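Report on the structure given below.
The values are calculated or read from the model by the stated rules, or taken from the named source; none is laboratory data. Everything quoted here is computed from the prediction, not taken from an experiment. Don't worry about glycine lacking a Cβ; one is built from the backbone with ideal geometry, like all the others, and counts go over all protein chains shown.
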Amino acid sequence: MTDRARQPLLLVGAGGLARETAQAVYAADSHRLLGFTDDNPARWGCVLDGLPVLGGTEVIASMPDAVVVLCPGSGAVRARLAARLAAGGIGAERFATVVHPGVHVPPSCTVGHGSILLGGIAMTTAVTIGNHVAVMPNSVLTHDDVVEDFATICASVSLAGGVRVGAGAYVGAGALVRENLSVGPWSTVGMGTVVLADVPAAEVWVGNPGRFLRGAEPATSVGNSTVRTDH
Ligand SMILES: CC(C)(COP(=O)(O)OP(=O)(O)OC[C@H]1O[C@@H](n2cnc3c(N)ncnc32)[C@H](O)[C@@H]1OP(=O)(O)O)[C@@H](O)C(=O)NCCC(=O)NCCS
């Protein structure tokens, strides 16, 4: 695609997921990458994997033609950034969706704005992925799964059919979730966990079989002013 045809794209948060997202964009040749924004001034002017860190979040307002993807690895941080940008008049129409070209999104599946699908993901049928969701490489999402806004699905997760991952939930690498179960909003499932029962909201579960480890930070308390974008 020519540079004129591709929309300019800013990646918000200059951490690992942003760098991975940049590589997916290059592979897809879907946008013209401008660089990263980051709230940490120490990063401004740095070049990461060949792309510059242009400045803080205010860069987004100064480049109204650019579309945006929120790339912090934490769904809570993505949610906080989306709320802050919405308050500044930057809404759904400014967010791009990034899908690695190796991922086939069947016509029965939907992917919301601002979401990132990295390489090797399998989606079978009738999978619904919300807004600002991050799905890491080689995850398997099967029939009728629903992944709500701001959720994070780490590498090599397998969701059996009819699973619902709630808003902002974090499913750690290699976790398995049995069919028709739910992972509650803002919960965390640790890496390698085998989920055999519904995980309530705002809890951390680990192990095989998965069990309660501790409480998690609920959505209502993620609105503090510290915005970490480096994970
Ligand atoms: C679940 C998790 C969030 C817990 O982190 P934490 O609250 O800092 O917990 P700790 O490391 O202090 O461990 C607490 C206990 O849980 C156990 N534990 C932690 N993670 C576990 C896991 N994934 N499976 C089984 N047990 C686990 C620890 O062994 C420890 O047990 P102990 O009290 O008997 O010694 C974290 O371990 C995890 O799995 N994060 C996901 C990482 C990931 O998937 N990254 C991929 C990025 S793409």
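Just to be sure, is VAL195 more than 11 Å from the ligand (Cβ to nearest atom), outside the structural domain of ARG78 (by TED's automatic domain parsing) and modelled with pLDDT under 95? When the stated conditions are applied, VAL195 does not pass them. Is at least one residue of segment 213-222 within 17 Å of the chain's Cα centre (by Cα) and either at pLDDT 95 or above or closer than 25 Å to ARG84 by Cα (or both)? The answer is yes; a qualifying residue exists.
Do you know which residues across segment 133-171 are surrounded by 21 or more Cβ atoms within 10 Å (Cβ to Cβ) and either β-branched (Val, Ile, Thr) or touching a Cys at 6+ places or on another chain (Cβ under 6 Å) (or both)? Those that are surrounded by 21 or more Cβ atoms within 10 Å (Cβ to Cβ) and either β-branched (Val, Ile, Thr) or touching a Cys at 6+ places or on another chain (Cβ under 6 Å) (or both): VAL133, VAL135, MET136, VAL147, THR152, ILE153, VAL157, VAL163, VAL165, VAL171. Could you list all residues from segment 1-15 that are part of a strand (DSSP E or B) and farther than 21 Å from GLY119 by Cα? Passing the criteria: GLN7, PRO8. Tallying residues that are over 13 Å from VAL68 (Cα atoms) and in a helix (DSSP H, G or I) within segment 84-100 yields 2. Determine whether segment 46-69 contains at least one residue that is of a type outside the set (D, E, K, R) and within 26 Å of ALA175 (Cα to Cα). Checked segment 46-69: at least one residue is of a type outside the set (D, E, K, R) and within 26 Å of ALA175 (Cα to Cα). Scan segment 16-48 for residues that are assigned to a loop (DSSP other than H, G, I, E, B) and under 17 Å from ILE60 (Cα atoms) and report the count. Residues in segment 16-48 being assigned to a loop (DSSP other than H, G, I, E, B) and under 17 Å from ILE60 (Cα atoms): 5 in total. The residues listed here are PRO64, PRO72, PRO106; of these, the one that is exposed (fewer than 15 other Cβ atoms within 10 Å of the Cβ), in a loop (DSSP other than H, G, I, E, B) and not assigned by TED's automatic domain parsing to the domain that holds ASN131 is PRO64.
Filtering segment 109-129 to residues that are out of contact with any helix residue (DSSP H, G or I) (no Cβ under 6 Å at 6 or more places or on another chain) and not in a loop (DSSP other than H, G, I, E, B) leaves THR110, VAL111, LEU117, ALA122, MET123, THR128, ILE129. Within segment 122-168, the set of residues being of a type in the set (Val, Ile, Thr) and either away from the ligand (no atom under 16 Å from the Cβ) or touching a Pro at 6+ places or on another chain (Cβ under 7 Å) (or both) comprises THR124, THR125, VAL127, THR128, ILE129, THR142, VAL146, VAL163. It is to be established whether one or more residues within segment 52-72 are within 16 Å of the ligand (Cβ to nearest atom) and either within 22 Å of GLY130 (Cα to Cα) or touching a Pro at 6+ places or on another chain (Cβ under 9 Å) (or both). Scanning segment 52-72 turns up at least one residue that is within 16 Å of the ligand (Cβ to nearest atom) and either within 22 Å of GLY130 (Cα to Cα) or touching a Pro at 6+ places or on another chain (Cβ under 9 Å) (or both). Considering segment 176-192, the residues that are assigned to a loop (DSSP other than H, G, I, E, B) and farther than 20 Å from PRO72 by Cβ include one that is nearest to the ligand (Cβ to nearest atom), namely GLY192.
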